[in-house]
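Heads up, the thing below is written out as structure tokens.
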Amino acid sequence: MVLDSRARLACLAGAISLASVVMATLLPTDLVPRTGLGWKTEHFLVYFATTTVLCIASARPYIVAISLIVVSAFLETLQGITPDRIPDFTAALSGAAGVISAAALVQLFRRWWPILKSAVSTAHPRLFIRQN
């Protein structure tokens, strides 16, 4: 399968995003940047963004979602190894919620985009004329 430049860029962005999630999970807490939104919101947003990028790059968003949910739980479990962190079940659930939300939105967009595109192209042309 040959990937065009946009698909390669999306794959690269997804890999970088996933690598940054792994690093932020396993680094000591004083080295991890915080947004001030709270850790549950941060988990949700980071996994939402990562899933969005990876689902756009992939033809199978459900496989990506299931994989990232497993990765989220595995990374939370690995935090038990680090000396300054403890695994938290709600953090894994926040990550899983971000993954499920992003995968559902990408899948909805993929299914509705052709319908919306055809509806706009068959609409009356006067609706899209700009008036100065």
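FYI, it's all coordinate maths here, none of it is from the lab. Keep in mind the model is a prediction, meaning the values are calculated, not measured. Note: ideal-geometry Cβ built from the backbone for every residue, glycine included; neighbour counts use all protein chains shown.
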Legend entry - For segment 24-30, Karplus couplings with θ = phi - 60° (6.51, -1.76, 1.60), whole Hz, Gly/Pro x: 5, 6, 9, 6, x, 4, 6
Legend entry - Projected label distance in nm at Leu45 and Leu78, using a 7 Å step from Cα toward the beta-carbon: 2.3 nm
Inset, instruction - Run the quick spin-label model on Lys117 and Asp30: label points 7 Å from Cα toward the beta carbon, then report their separation in nm to one decimal. - result: 5.2 nm
Legend entry - Gaussian network model of the chain, Cα within-10 Å springs - most flexible of Gly98, Gly38, Gly80: Gly38
Legend entry - Likely footprinting exposure, Val99, Val64, Val32, fewest C-beta neighbours within 10 Å first: Val32, Val64, Val99
Legend entry - Hz values of 3J(HN,Hα) by residue in segment 71-84 - Karplus curve (6.51, -1.76, 1.60), Gly and Pro given as x: 4, 4, 5, 5, 5, 5, 5, 5, 5, x, 6, 5, x, 10
Inset, instruction - Between Asp88 and Leu12, with labels modelled 7 Å along Cα→Cβ, what's the label distance in nm to one decimal, could you check? - result: 3.5 nm
Inset, instruction - Give the order of Ile86, Ile66, Ile56 when sorted by the count of other beta carbons within 10 angstrom, beginning with the fewest. - result: Ile86, Ile66, Ile56
Inset, instruction - Calculate, in nm to one decimal, what Val22 and Leu105 gain on full extension: separation in residues at 0.36 nm each, minus their alpha carbon distance. - result: 27.5 nm
Inset, instruction - For a footprinting-style exposure proxy, rank Ile16, Ile115 by other Cβ within 10 Å, fewest first. - result: Ile115, Ile16
Inset, instruction - Determine one quarter of the surface area of the Cα convex hull of the chain, which equals its mean projected area, and express it in nm² to one decimal. - result: 11.9 nm²
